[in-house]
Amino acid sequence: MKIPKVEITVRSEFSAAHRLHAKGLSDKENAKLFGPCNNKNGHGHNYDLFVTVRGPVDPVTGMVMNLFDLHRIVRDHIFDVVDHKHLDEDLDILGGRTSTAENLAVVFWGIVAEHLREFPGVALAKIRIHESRGNIVEYFGE
Ligand code: NI
């Protein structure tokens, strides 16, 4: 019998501050490009993070992977790191890149992918970030 592949998603909400300020642009250019998001002392978001993995459904357990394990990876290596932090001032996870949701998605991809290595057959499929109700970013690893 063919083993079906299924995607599973865990969701995590965290609160963080940041400032959109591209190092390659002048202060004036940043102010024009990012508007209020360039505010000197930052601003905050309640981020909604969705991490999706894909893999075969184990015929014995009926699971792609244990959701508890995926929750644990996201909690220990993302939530506990970023929650109630200033993404630019308190952390170095972005390596100097602008703290856009796009860049966050790419960074989070790397973190999750690293910890999925111990789950053979399970592939990271998507990182989705809701920066606000109206602003949504998705990254598929390209
Ligand atoms: Ni913002």
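A few comments on the model shown:
- The one condition in (1) more than 18 Å from Lys85 (Cα to Cα); (2) in contact with a His (Cβ under 9 Å, 6 or more places away or on another chain); (3) of a type outside the set (S, T, N, Q); (4) open to solvent by less than 60 Å² (accessible area, probe 1.4 Å) that Ile111 fails to fulfil: (1)
- Subset of the stretch 79-88 (residues that are crowded, with 19+ Cβ neighbours inside 10 Å and among the acidic types (Asp, Glu)): Asp88
- Against the test of being within 15 Å of the ligand (Cβ to nearest atom), among the acidic types (Asp, Glu) and within 17 Å of Ile127 (Cα to Cα), the options Asp69, Asp48, Asp88 yield a single qualifying residue, Asp48.
- Subset of the stretch 16-39 that is without any contact (Cβ under 8 Å) to a residue 12 or more places away in the chain and among the small types (Gly, Ala, Ser) - its residue that is nearest to the ligand (Cβ to nearest atom): Gly35
- Checking each residue in the stretch 67-110 for being touching a Phe, Trp or Tyr at 6+ places or on another chain (Cβ under 7 Å), within 21 Å of Lys40 (Cα to Cα) and part of a helix (DSSP H, G or I) picks out only Val82.
A quick yes/no check of all residues on (1) within 30 Å of Ile3 (Cα to Cα); (2) open to solvent by 80 Å² or more (accessible area, probe 1.4 Å); (3) of a type outside the set (Asp, Glu); (4) in contact (Cβ under 8 Å) with a residue 12 or more places away in the chain:
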| position | (1), (2), (3), (4) |
| --- | --- |
| Asn41 | no, yes, yes, yes |
| Val57 | yes, no, yes, yes |
| Val60 | yes, yes, yes, no |
| Asn66 | yes, no, yes, no |
| His77 | no, no, yes, yes |
| Leu91 | no, no, yes, no |
| Thr98 | no, no, yes, yes |
| Val107 | no, no, yes, yes |
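- The stretch 125-142, residues that are touching a residue at least 40 places away in the same chain (Cβ under 8 Å) and open to solvent by 40 Å² or more (accessible area, probe 1.4 Å): Lys126, Arg128, Ser132
- From the list Leu49, Leu33, Leu25, the one residue that fits, being open to solvent by 90 Å² or more (accessible area, probe 1.4 Å), touching a Leu at 6+ places or on another chain (Cβ under 9 Å) and on the phi < 0 side of the Ramachandran plot, is Leu33.
- Among (1) open to solvent by 100 Å² or more (accessible area, probe 1.4 Å); (2) near the ligand (Cβ under 10 Å from one of its atoms) - the single one Met1 does not satisfy: (2)
The values are calculated or read from the model by the stated rules, or taken from the named source; none is laboratory data. Note that the structure is predicted; figures quoted are calculated from it, not measured. All Cβ positions, glycine included, derive from the backbone under ideal geometry; neighbour counts span all protein chains shown. SASA here: full protein model, heavy atoms, side chains in, ligands and nucleic acids out. Shrake-Rupley method; radii C 1.70, N 1.55, O 1.52, S 1.80 Å.
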